[in-house]
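Computed from the coordinates by the stated procedures, all read-outs in this text should not be read as laboratory data. What you see is a predicted model, and the numbers here were worked out from it, not measured in a lab. So basically every Cβ, Gly included, is an ideal-geometry build from the backbone, and we count neighbours across all protein chains shown.
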Amino acid sequence: MRLPAGAPAARIVAFGGYQPANVITNHDLAATIATSDEWIRSRVGITSRRIAGPDESVADMAVAAGGKALAASGLTADGIDLVIVATCTPEVQIPNTSASVAHRLGIRAPGAYDLNAACAGFCYALASASDAVRAGSAHAALVIGAEKLSSWVDWTDRSTAIIFADGAGAAVVTGADAARDAAIGPVVWGSAGEHANKIFISNQSFLFQEGLSVFRWATTALAPVARAACERAGVAPSELAAFVPHQANLRIVEAIARQLGAPDVIVANDIIEAGNTSSASIPLALARMTEKGHLGSGAPVLVLGFGAGLTYAAQVIIMP
Amino acid sequence: MAMTEQEILAGLGEIIDEIAGVPADEVTPGKNFVDDLDIDSLSMVEIAVAAQDRFGVEIPDEELKNLRTVQDVVSYVHRSAVSA
């Protein structure tokens, strides 16, 4: 048996993001449930979020974001041989989202699988794509985080209706020519299955979250994971240009950022106009920050996904 | 090395100042977290975590809803430390 050589390292060459057209503001929500704009802003930090149309699917959003990333990458569809869609809200169990998304993007016969690590999904998928490229299982991968959480939210439950939203973000991953050009650092990933009952979708119907427990876990257990990812990559927190955690809740984002030991780092706050889009939140934030010129080529960024499972994953990446 | 309630109150004042930005001298026993100090449930979790680290007593999430005033926390910490 032979083993392929693979690439010495992996890198991201482009991002793409997609948000549905329908905007729901805090005022819109306050019209039908017992909440207020002020309450939502102070507890979660969101002012508006996007909700997919009734006929707009997870695959539709994944295709939109994936298409943008592919267009920006300089690669053609023929150049992609692996598609991973991180999602915890597919409309059906089978077929998976990734094979259909690949087909719709004109990507011929790539490896294609969906990955469910909830809000840690994008970081898990990025690590998997990086590993595949380095092991020689793929030459170039399209990694997408896409979610339609609105399908699973009880719109009369003010604890979840104000938080969760829809969207997709994507990255194109290829090999790098030399180890020193590595732009996707080693992942630090893990799980806390003893807390499985803290975030779940019950009876195939509604999303449920024990907010205070999750807040406590996120604001105590994750800063060490973030620092470990920096250490494994050999990049000190103070060297980071930005910290882009899953946009779960602005209070969580800020609490972890305070513990990172990098007072000058830009902290992503995309949640303000995106809501919590689970696995889409990190690539959506990265796509938008790139578009707005907040992150230049070569900037080191720490990404940290965390959520239902409970699961978490972090790695340092270098911006394309 | 049991702490007095006064010492606990002083420590709690520093924690609340750091987490919620309320000056320590405004953290007096009778004050209600929500109504008087404008401290919400998320900040209470952060305060409980910091108090756990500082005073060495467990303050589980289920307990937080019973801790409505500054004195409630001081008494809880004092009671838990004494019986530890």
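Worth a mention:
- Förster radius 35 Å - calculated FRET efficiency between residue A:77 and residue B:24 (Cβ-Cβ, nearest 0.05): 0.05
- In chain A, the longest principal axis of the Cα atoms and the axis of helix A:121-135 are about 10 degrees apart.
- Here the label points at residue A:264 and residue A:239, each 7 Å from Cα along the C-beta direction, are separated by 1.5 nm in the simple model.
- Tilt relative to chain A, helix A:281-291 - C-alpha long axis, 0 to 90 degrees, to 10: 70 degrees
- Gain upon complete extension [residue A:131, residue A:38; 0.36 nm per residue less C-alpha separation]: 29.1 nm
- Once both labels are positioned 7 Å from their Cα atoms along Cα-to-Cβ, the gap between residue B:79 and residue A:221 label points is 2.9 nm.
- Degrees separating the helix B:5-20 axis from the principal Cα axis of chain B, which is the longest one: 40 degrees
- Calculated FRET value between residue A:155 and residue A:177, using beta carbons and R₀ = 56 Å, to 0.05: 0.65
- Here the extension length gained between residue A:5 and residue A:22 equals 1.5 nm, from 0.36 nm per residue of separation less the Cα-Cα distance.
- One decimal place: the segment residue B:58-residue B:32 gains 7.2 nm when fully extended, by the rule 0.36 nm per residue minus the C-alpha distance.
- Charge dipole (segment A:159-263, unit charges on Cβ, about Cα centre) - positive-most of A:179, A:215, A:238: A:215
- Where only DSSP H runs of four or more residues are counted, the protein assembly as shown gives -11000 deg cm²/dmol as its mean residue ellipticity at 222 nm, each run worth -39500 (n - 2.57).
- Highest average packing first - B:15-22, A:127-134, Cβ atoms within 10 Å: A:127-134, B:15-22
- Residue ranges A:180-191, A:163-174 sort as A:163-174, A:180-191 when ordered by packing (mean number of other C-beta atoms within 10 Å per residue, highest first).
- Note on segment A:223-320: antiparallel DSSP beta bridges, both residues inside, total approximately 55 percent of the bridges counted.
- Percent of Cα pairs exceeding the 35 Å cut-off, where the set is the protein assembly as shown: 30 percent
- Annotation for segment A:74-91 versus segment A:220-269: alpha-carbon center distance of 27 Å.
- Evaluated with a Cβ-only charge set (Lys, Arg +1; Asp, Glu -1), chain A carries a dipole of roughly 500 debye about its Cα centre, given to the nearest 20.
- Around residue A:48: net Lys/Arg minus Asp/Glu count, Cβ-Cβ under 9 Å: 0
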